[in-house]
Amino acid sequence: MSDDADGSGDGTGRRRDGADAGGDGGPGLLVSQRGGVLTATFDRPARRNAMTWAMYEELADVCERADADDDVRALLLTGAGDTAFVAGSDIGQFAGFTDGADGVDYERRLGAIIDRLAAVQVPTLAAVRGYCVGGGLIIAASCDLRIAAPSARFGVPIARTLGNCLGMSTYALLVDHLGPGRTLDLLLTARMLTADEAHAAGFVTRLAADEDLDAEAAALTDRLAEHSPLSMWAAKESVRRLRRANLPEDRDILERAYGSEDFRNAVAAFGAKTAPTWRGR
């Protein structure tokens, strides 16, 4: 879940209730409410909305707000600007990793935030323009519905960038949406799915022209806000529990990938803007 498509995540700052948190990349998350629809906008367009840890924590706060406010009937996630929903996560944090246990801790911490999003009691919708990559793809996958513009691109290209891996719950999420064949195609080839491909695979609920995306997302969330909250919660919670039933242990997988020489060298190469050399150890 940790690939910033343009390598620009900087891990700086923190924002809560309007305070700046994004350094030169923007404030972080902007939160607004229109009627029964709560909207969170990833707002670092200069960094393709790459996620800092503060932004992930803010996303968890938004989930708490959605569940605590009886007036909220739907949660909409979107990205500022035209180039990205979320281009990935901050990669600079990996420079301090010393062994595989650091990778386990990272995936557990990040996984808890993603699981919190999946467990939000009201329907959640991701409206996607541009890059939806790495952590961005997993955020979108954790939502109940996805609407995308033709510019949307979906992928997790870690096989050609960092050589790390995902947590088991994240693999389960992708397999649930795409099936094992498409999931392996996406991860092994490190390619991007187009909006049309993602729609054909069933991952994207519907397509909308770039200029119509915001209006279509608003219309869909307004429709959701009119429906029975308990019926919708029962449906989404049942699907979530089915997906998470009997998840296998993954600590050995995480430790091997994050503790590898390949991963350490790839992190250094990413910072130096050079191509990594893979040795399989």
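The values are calculated or read from the model by the stated rules, or taken from the named source; none is laboratory data. Quantities reported herein were computed from a predicted structural model and do not represent experimental measurements. Using ideal geometry, Cβ is built from the backbone for each residue, glycine included, and neighbour counts are taken over all protein chains shown.
All conditions but one from (1) surrounded by fewer than 20 Cβ atoms within 10 Å (Cβ to Cβ); (2) β-branched (Val, Ile, Thr); (3) within 30 Å of Asp70 (Cα to Cα) apply to Thr124; the one that does not is (1).
Hey, which of the strands (runs of 3 or more DSSP E) in the range 89-203, taking only ones fully inside, have at least 1 residues that are modelled with pLDDT of 95 or more and farther than 17 Å from Met55 by Cβ? If you could, list the steps in order and put the result at the bottom.
Details: elements: 124-128, 131-133, 145-148, 153-155.
Correct list: 124-128, 145-148, 153-155.
Checking each residue in the range 60-84 for being assigned to a loop (DSSP other than H, G, I, E, B) and within 9 Å of Val122 (Cα to Cα) picks out Val72, Arg73.
Taken as a whole, the range 68-87 holds no residue that is under 23 Å from Cys165 (Cβ atoms), among the charged types (D, E, K, R), modelled with pLDDT under 95 and over 14 Å from the mean Cα position of the chain (by Cα). The condition of being surrounded by fewer than 15 Cβ atoms within 10 Å (Cβ to Cβ) and of a type in the set (Asp, Glu) holds for only one of Asp250, Asp214, Asp262, Asp210, that being Asp210.
Filter the range 134-172 down to the residues that are among the aliphatic types (A, V, I, L, M), over 24 Å from Ala74 (Cα atoms) and touching a residue at least 60 places away in the same chain (Cβ under 8 Å) and list them by number. Can you show your working first?
As a first pass, look at the range 134-172 and keep what is among the aliphatic types (A, V, I, L, M): 137-141, 145, 147-149, 152, 156, 158-159, 162, 166, 168, 172.
Filter once more, keeping what is over 24 Å from Ala74 (Cα atoms): 156, 158-159, 162, 166, 168, 172.
Residues satisfying the conditions are Val156, Ile158, Leu162, Leu166, Met168, Ala172.
Taken across the range 202-225, residues that are within 18 Å of the chain's Cα centre (by Cα), under 23 Å from Ile147 (Cα atoms) and without any contact (Cβ under 8 Å) to a residue 40 or more places away in the chain do occur, with at least one present.
Quick check on the range 67-100: of everything there that is aliphatic (A, V, I, L, M) and closer than 24 Å to Lys273 by Cα, which residue is surrounded by the fewest Cβ atoms within 10 Å (Cβ to Cβ)? The extreme case among them is Ala95.
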